[in-house]
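Undergrad: Dumping the structure here so I can ask a few things about it.
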């Protein structure tokens, strides 16, 4: 099965944050699943890191690359169709990064692991249990 991680899910998984439900940890850790981190999430985290709202250990680029490699995760590029779809949505969610994640989830048919219930308004499959 494929899964797309929201930014907070990725960070909570890496940090071992107890806010991430055990079942989600199992899904992400299961090497039979392909787990994706969107370029949109990397972009969002990079901005927050630069603003001091997120503190990753060491160099941001190295942190992302080494984490993806060590956790056996894949990156998901942003395609033009993802953007066209994201900008066509009603404004249930004003966060442009989340709107791209929703577009990727819909177009690539990948459920999102996220605690953000606003994503449900777009009819994507959201996993949080």
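To keep it simple, each residue is scored yes or no on (1) at pLDDT below 95; (2) under 27 Å from residue 129 (Cβ atoms).
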residue: 2; (1), (2): no, yes
residue: 13; (1), (2): no, yes
residue: 17; (1), (2): no, yes
residue: 41; (1), (2): no, yes
residue: 47; (1), (2): no, no
residue: 77; (1), (2): no, no
residue: 81; (1), (2): no, no
residue: 93; (1), (2): yes, yes
residue: 105; (1), (2): no, yes
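Undergrad: If you don't mind, another one. Checking the structure you have, find out if any residue of region 70-88 is in a helix (DSSP H, G or I) and under 14 Å from the mean Cα position of the chain (by Cα).
TA: no
Undergrad: Let me confirm something: among 38, 75, which residue is under 14 Å from residue 11 (Cβ atoms) and in contact with a strand residue (DSSP E or B) (Cβ under 8 Å, 6 or more places away or on another chain)?
TA: Being under 14 Å from residue 11 (Cβ atoms) and in contact with a strand residue (DSSP E or B) (Cβ under 8 Å, 6 or more places away or on another chain) holds for just one of 38, 75, which is 38.
Undergrad: Those residues that are more than 15 Å from the chain's Cα centre (by Cα) and either in a loop (DSSP other than H, G, I, E, B) or surrounded by 11 or more Cβ atoms within 10 Å (Cβ to Cβ) (or both), I need them from region 48-61; list them, please.
TA: Matches in region 48-61: 49, 51, 52, 53, 54, 55, 56, 57, 58, 59, 60, 61.
Undergrad: If we keep just the residues of region 15-32 that are touching a helix residue (DSSP H, G or I) at 6+ places or on another chain (Cβ under 6 Å) and in contact (Cβ under 8 Å) with a residue 12 or more places away in the chain, which is surrounded by the fewest Cβ atoms within 10 Å (Cβ to Cβ)?
TA: Per the stated criteria, the residue is 19.
The values are calculated or read from the model by the stated rules, or taken from the named source; none is laboratory data. Remember, it's a predicted structure, so these values are computed and weren't measured experimentally. Don't worry about glycine lacking a Cβ; one is built from the backbone with ideal geometry, like all the others, and counts go over all protein chains shown.
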